[in-house]
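The values are calculated or read from the model by the stated rules, or taken from the named source; none is laboratory data. A quick note: this is a predicted structure, and the numbers were derived from the prediction, not measured. Please note: Cβ atoms are built from the backbone with ideal geometry, for glycine as well, and neighbour counts cover all protein chains shown. Please note that ligands, DNA and RNA were not included when accessible areas were found on the heavy atoms of the full protein model with its side chains. Shrake-Rupley method; radii C 1.70, N 1.55, O 1.52, S 1.80 Å.
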Amino acid sequence: MAIIHYDPWQDRFKLPFGAVLIESIAHLNIDVIAEKVLHVYLVIHKDGEEIQYHEMTNQQETFYSCDYFFNFGTGLYYYHFEIETIENKQQKTYFYGTTAKGGLGKLYPSQAETWEYQITCYKKAEPAPDWYKKGIFYQIFPDRFAKGNGGVISPKKNTFLYATENDDPLYVKDVNGEIVRWDFFGGNLSGIKEKIPYLKELGISGLYLNPIFEASSNHRYDTSDYMKVDAMLGSEEEFTELIQLLHANGIHLILDGVFSHVGQNSRYFNRNGNYGETVGAYQDPHSPYFPWFSFTDYPNDYTSWWGIKDLPEINKENAAFQEFIFGEEGVIDKWTELGVDGWRLDVADELPDHFIASIRKRLESFSDKVLLGEVWEDASNKISYGKRRHYILGDHLQGVMNYPLRNATIELLTEAKGPEEVANSLTRLYENYPRAIFNNNLNNIGTHDTERILTMLSNHLKKLDLAFGMMFVFPGIPCIYYGDEAGLTGGKDPENRKFFPWDHMNPDIYRSCHKWIDYRKDNDVLIEGDLSFFFTEHLFGILRRYQNNYVAYLMNPTNYPKKVNGNLIFIAEETPMIKEIRRRFSNRTIEENSYLLISSAQKKASIEQIQRSMLEND
């Protein structure tokens, strides 16, 4: 029986780690111990194409090697190994592939049953502006953050306003479950402007705003007019003033672009006739907007987003709509020219790759802008509407929202999954993404679409501190959902969209969040460093390394103290640096729901302190 080992997470088996640049070479080694080895093949194919056999050569002892040149275009490449041997005078073929956990693979009985490894091949690294890479972001749901100018500016018809800011959000629905009255607290642009000192004190350098354009709802994902600021939030002049004040205070601004669908009562569809009896596709089949939509039985049956009639879906292939969004003097142009620093594309899965690429190209005519996308899964191998997506392979998105990190954080801290399983899942994600994309991801542990992180952690403040730590130590740009730093709780929408508790913030949670913001800002390792994980049965660690410096974050998500007894497992090659980290953690006890954080900088400081003490004693 042959003994075979291959682990792409170890440098001795694969270089470079993870994704590869087009027209570059990956060096692969597999360890084969057998009575007699006849042939060792790398069996590889580009996604959807025929397989290729590349014979590997015996380079060193039992290692067989192959250099593979990625010159068949960008996309996903899948591979496994086939080994032909002679054992007991009989020829035998082994099939070696990956497993669900990733990393070290295993043998399979046939090629058809073999799980293949993935290599992502990308066009180019996706740089991001320094202001973004070094940013600390804050997501604001505009209606729920702060009220300026005395409150509501321009209330909408058939809506209601809450009596106090402490009221819980509530939808008013009819017997069919349709929302018939939208609820508002009255948060606005002036409120955000007035809270700039708070944001600066917290350490925020970037805002991501949920939609601000004219709409019927409080969330404004049902756009009514892409060219107008919603009157309840303020005017275009106030928006321009807000941008200028944010920039003057070192804070950048990203807007939410909702281009998959509009509201049924929008200017473009106009079901209720608010914009006139001849305006909009619903009112007039000769409307210039009519080709934007797909009707099955005009005017009442039409394609809508996820079947929600309130959200007519737009045909993104329509040339007039494309010109309106990313053409000259289109939506992207107007707001970017006013000073917007970037865009987050809502439901990026619903937007064709070429549509996203065209937005990116338009943004390239401006300087230092960033384009992000809402993707909930592994964006490298995502299939939507039957098509493999290419939005992180170059010239499309520069980063995505990091929902897999949020999922892993909650699974770890609620002990739904163990440290090893979480480490493996996050390493697979790191392996699949181009490095620059991974470092550009917008990290979150809560958004307007998820339950509040404190609620998910059963109001456990020490676990919340660990969650903040994971978000700020992890590669990518941390983004705080408004109120998470103040102790807001809540389940699914609308409970996760309460008004900011300005009069009863939790000071302990605020200090915890502020502490991690300060730590992130003071450590270049957390901006540029590579990533690996380490763990025991109960403890989970994140290691960031940059040049000769490191930060190692080891947490205990359990309710009992755990001691490190030299049993740390690292998903990385054993190096002098890792040996040092292992030694520094050895025999340390980590209290329940707590952590230890060490760094090379701390070590240097302690040595300097010792030397200073020695000089003083002399």
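Quick look at the values:
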quantity	calculated
Accessible area of region 460-613 belonging to carbon and sulfur atoms, whole % at 1.4 Å probe	48
J(HN,Hα) series, region 576-591, from Karplus relation 6.51 cos²θ - 1.76 cosθ + 1.60, nearest Hz, glycine and proline x	x, 5, 5, 4, 5, 5, 4, 5, 5, 8, 4, 6, 8, 9, 9, 5
Dipole axis of the chain (+1 Lys, Arg; -1 Asp, Glu on Cβ), positive-most option in GLY491, THR240, PHE355	GLY491
Net lengthening on full extension, SER110/LYS387 (0.36 nm per residue, minus Cα-Cα)	96.9 nm
Length gained when the stretch GLU364-ASN88 is fully extended (0.36 nm per residue, less Cα-Cα span)	93.0 nm
Value of relative contact order over region 1-45, rounded to a whole percent, pairs C-alpha under 8 Å and six or more apart	41
Helix 600-617 axis, angle to the chain major axis (alpha carbon atoms, nearest 10°)	80
Accessible area in square angstrom per residue, the chain, 1.4 angstrom probe	41
Helix-derived mean residue ellipticity, 222 nm - over the chain, DSSP H n ≥ 4, -39500 (n - 2.57), to 500	-7000 deg cm²/dmol
From the coordinates shown, Cα Rg over 2.2 N^0.38 Å corresponds to which of (i) 1.36; (ii) 1.07; (iii) 1.19	(ii)
Placed amide H near GLU377: partners under 5 Å, 5+ positions off or other chain	none
Percent antiparallel among DSSP beta bridges (both partners in the chain, rounded to 5)	70
Furthest towards positive pole of dipole, MET227, THR589, LEU255, structure part the chain, Cβ charges	THR589
Amide H partners (placed H, <5 Å) of ASP256, local residues excluded	LEU209, ILE212, ARG344
Karplus-derived HN-Hα couplings along region 212-218 (A = 6.51, B = -1.76, C = 1.60, θ = phi - 60°), whole Hz, x at Gly and Pro	10, 7, 3, 7, 8, 8, 6
Portion, in percent, of the accessible area of region 255-342 that falls on carbon or sulfur, probe 1.4 Å	48
Listed peptides 101-110, 128-137 by packing density, highest first (mean Cβ within 10 Å)	128-137, 101-110
Burial order of peptide ranges 17-25, 418-426 (average beta-carbon count within 10 Å, highest first)	418-426, 17-25
Pair ASN272, TYR53: separation of 7 Å Cα→Cβ label points (nm)	6.8
In order through region 516-522: 3J(HN,Hα) via Karplus (6.51 cos²θ - 1.76 cosθ + 1.60), integer Hz, x for Gly, Pro	6, 4, 4, 5, 4, 5, 8
Two-site label geometry, ASN315 and GLU591: point separation in nm, points 7 Å out along Cα→Cβ	6.4
Relative contact order [Cα under 8 Å, 6+ residues apart], the chain, whole percent	11
Protection proxy ranking of 428-434, 460-466, 558-564, 286-292 - average other beta-carbon atoms within 10 Å, highest first	428-434, 460-466, 286-292, 558-564
Carbon + sulfur, % of accessible area of region 206-247 - ligands and nucleic acids excluded, 1.4 Å	53
Theoretical gain in end-to-end length, LEU38 to ALA416 [0.36 nm per residue, Cα-Cα removed]	131.5 nm
Region 463-554: GluC sites (Glu not before Pro) in DSSP loop, at most 13 other beta carbons within 10 Å	GLU537
Residues whose placed amide H lies under 5 Å from that of SER304, excluding near-sequence neighbours	GLU313
